[in-house]
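Peer 1: Before I ask anything, let me first share the structure, which is written out below as C-alpha cells.
Read-outs: derived from the displayed coordinates by stated rules, not from any lab. No experiment lies behind these values; they were computed from the predicted model shown. For neighbour counting, all protein chains shown are included, and Cβ atoms are generated from backbone atoms with ideal geometry for every residue, glycine included.
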Amino acid sequence: MSTILVTGASGFLGEALVRRLAHAHRVVGAGFQHARDALDLREPAQVRCLLDAAQPDVAIHAAAYRDPDFCEAHPEEAARLNVEPVRAMAAALPPAARLVLVSTDYVFDGEAPPYREDRERRPASVYGRTKAAAEDLALARANSLVVRIPLLIGIEPAHRGPSGFVLQIARQVLDGKPAEADDVLVRFPTWTEDVVAAVEFLLERSAAGVFHVSAPRGATRYRWTLEVARLLGRNADHLVPLRAPVPRPARRPVNSQLSTEKLRFAGFDRFTDFAAVARQILARASDLGDGALQRIP
Ligand SMILES: NC(=O)c1ccc[n+]([C@@H]2O[C@H](COP(=O)([O-])OP(=O)(O)OC[C@H]3O[C@@H](n4cnc5c(N)ncnc54)[C@H](OP(=O)(O)O)[C@@H]3O)[C@@H](O)[C@H]2O)c1
C-alpha cells in the first residue's frame, strides 16, 4: 500500500481520484475553499508543510485554475497555482517519491490534430502556457508522470450542485429559447471515472513520462447538444449552429485531439461512450424536471 497525496481533492477530478485510489492506498487529499483543512498551495511554505505531513510515495497535482479566460486575465495569479506548487513539490519531494501532474490538451494550438505525446507543444493561451511550464518542471525529475486530458464530463462535486458540460447543454435543450451553439471547436468529452482508471493503471505499472488520456469521439458543442437532445427525446430546432469562433479572452484550440496510441499500447483502452455517461448524468440531475428525466431511454 502506497501513500498518495492528491491536491485539488475537493475538485472535479481530484474528488474522483481520491475515491478510487482510496480502495487500495492510503490517500491524503488536499483542498482549499471546499475542504475542511484548507491549504493554500500558492504559498510554497504550505506545499512543503503538506509534503512533510503526508510523506507521500506519490504526489498527484490536480489543483489548478482551469478556466482559460480567468488565466488569460490573471497570468501571474494563474502561475501561482498552476506552476509554482509543481516547482515546490519537485524540489521538496524525496528522490524516491513520484510526482504526477494533471495537464491538458490546451498545451497544443489545435491546428494539426491528432497530437501524440512527443509533438511540439504550442499553447495558444496563458492557461496552456502555465500547464506547459508545469510539465517541464515535473518532467525534469526522474520518474514523473504527466497525464494530459481534454474536457471532463461526470458528476461534479456536491458543493457545485448539478453542473458541468452535459447539464449545461441539456438545460439549453430543455429551455426552448433560441440560442447559438458553437459548431467550430471540436471537443472530446472524457469521463472522469475513465481518467482515474487510466491514472491508476499507469501508477500500477510505474509508468513515467507523458501519457494522453482521452475518449475517442470528438464533436462540436452544437453536435453534442443534438446528441443530448436525442437522449432527452427533444428537438433542438431553437439552437442555431455558430460557424465562426466565439470571441473569448483566451484562444481555444480548434481541434486538440489527443492521440491515445501510447496508452493503448501500454494496455489501457477502456473509454466509456459519451451517450452512456450523459445518460447517467442526466438521470441523476434533480433540477431538469421529471418530464425530462422520464423521456431518457
Ligand atoms: N475539468 C476539465 O475539463 C479539465 C480539462 C483538462 C485538464 N484539466 C485539469 O485537470 C485538473 C483537475 O481539474 P478539475 O476540473 O478537477 O478542477 P476543479 O474542479 O476546478 O478543482 C480545482 C481544485 O483546485 C483547488 N484549489 C483552488 N485554489 C487552490 C489553492 N490556492 N490552493 C490549493 N488548492 C486550490 C480547489 O480547491 P477548493 O475547491 O477547495 O477551493 C479544487 O480542489 C487540473 O489540473 C486541470 O487543469 C481539467
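Peer 1: Output the 0 to 90 degree angle, nearest 10, between the alpha-carbon long axis of helix 274-284 and the longest principal axis computed from the alpha carbons of the chain.
Peer 2: Helix 274-284 and the main axis of the chain meet at about 80 degrees.
Peer 1: Nearest 500 deg cm²/dmol is fine: what mean residue ellipticity at 222 nm does the chain get from its DSSP H runs of n ≥ 4 alone, each adding -39,500 (n - 2.57), divided by its residue count?
Peer 2: Computed ellipticity for the chain at 222 nm equals -11500 deg cm²/dmol.
Peer 1: Oh, and also: By the scheme Lys and Arg +1, Asp and Glu -1, what is the net charge of all other residues having a beta-carbon under 14 Å from that of Val199?
Peer 2: +1
Peer 1: Between the alpha-carbon centers of region 64-85 and region 20-51, tell me the distance in whole angstrom.
Peer 2: 19 Å
Peer 1: Calculate, for Ala24 and Arg248, the FRET efficiency according to 1/(1 + (r/R0)^6) with r their C-beta to C-beta distance and R0 45 Å; round to the nearest 0.05.
Peer 2: The pair Ala24/Arg248 has a calculated efficiency of 0.65.
Peer 1: Just grab the label-to-label distance for Ala266 and Asp52, each label 7 Å out from Cα along the Cβ direction, in nm (one decimal).
Peer 2: Output for this residue pair reads 3.3 nm.
Peer 1: Work out how much length Ala45 to His159 would gain on full extension: take 0.36 nm times their residue separation and subtract the Cα-Cα distance, in nm to one decimal.
Peer 2: 38.3 nm
Peer 1: Remind me, relative contact order of region 1-141 in percent, using alpha carbon pairs under 8 angstrom and six or more residues apart?
Peer 2: 23 percent
Peer 1: Shifting gears a bit: Just round it to a whole percent: the fraction of Cα-Cα distances in the chain exceeding 30 Å.
Peer 2: Taking all Cα-Cα pairs of the chain, the fraction more than 30 Å apart is 31 percent.
Peer 1: To continue, here is another question. Report, by chain and number, residues whose modeled amide H sits under 5 Å from the one on Ile155, excluding near sequence neighbours (fewer than 5 apart, same chain).
Peer 2: none
Peer 1: Neighbour counts of other C-beta atoms within 10 Å: give me Asp67, Asp194, Asp57 arranged from fewest to most.
Peer 2: By the 10 Å Cβ count, ascending: Asp67, Asp57, Asp194.
Peer 1: Show me the trypsin sites (Lys or Arg not before Pro) within region 225-265 that DSSP assigns to loop and that have at most 12 other Cβ atoms within 10 Å of their Cβ.
Peer 2: Arg243
Peer 1: A follow-up question, please. Give me the extension gain from Asp175 to Val240: residue separation times 0.36 nm, minus the current Cα-Cα distance, reported in nm with one decimal.
Peer 2: The Asp175-Val240 span can extend by a further 22.0 nm.
Peer 1: Can you pull out the trypsin sites (Lys or Arg not before Pro) in region 23-113 whose DSSP state is coil and whose Cβ has at most 12 other Cβ atoms within 10 Å? Write down the numbers at each step before the final one.
Peer 2: Numbers: sites: Arg26, Arg36, Arg42, Arg48, Arg66, Arg80, Arg87, Arg98; in loops: Arg36, Arg42, Arg66.
Hits after loop and neighbour filter: Arg36.
Peer 1: So what's the net charge close to Ala24: Lys and Arg +1, Asp and Glu -1, counting the other residues with Cβ under 13 Å from its Cβ?
Peer 2: 0
Peer 1: Hey, fewest Cβ within 10 Å first, where do His25, His34 land in order?
Peer 2: His34, His25
Peer 1: Please order Cys71, Cys49 by the number of other Cβ within 10 Å, starting at the fewest.
Peer 2: Starting with the residue having the fewest Cβ neighbours, the order is Cys49, Cys71.
Peer 1: How charged is the neighbourhood of Ala45? Take every other residue with its Cβ under 12 Å from the Cβ of Ala45, and add Lys/Arg as +1 and Asp/Glu as -1.
Peer 2: Result for the local shell: -2.
Peer 1: Taking loop as defined by DSSP and a crowding limit of 13 other beta carbons within 10 Å, which GluC sites (Glu not before Pro) in region 15-119 fit?
Peer 2: Glu111
Peer 1: Ok, one more. Would you mind computing, in nm to one decimal, how far apart the modelled labels at Ala275 and Asp118 are, each placed 7 Å from Cα along Cα→Cβ?
Peer 2: 3.7 nm
Peer 1: Can I ask one more? May I ask you to derive the relative contact order of the chain, considering only C-alpha pairs under 8 Å and at least 6 residues apart, and to give it as an integer percent?
Peer 2: Contact order relative to length: 19 percent.
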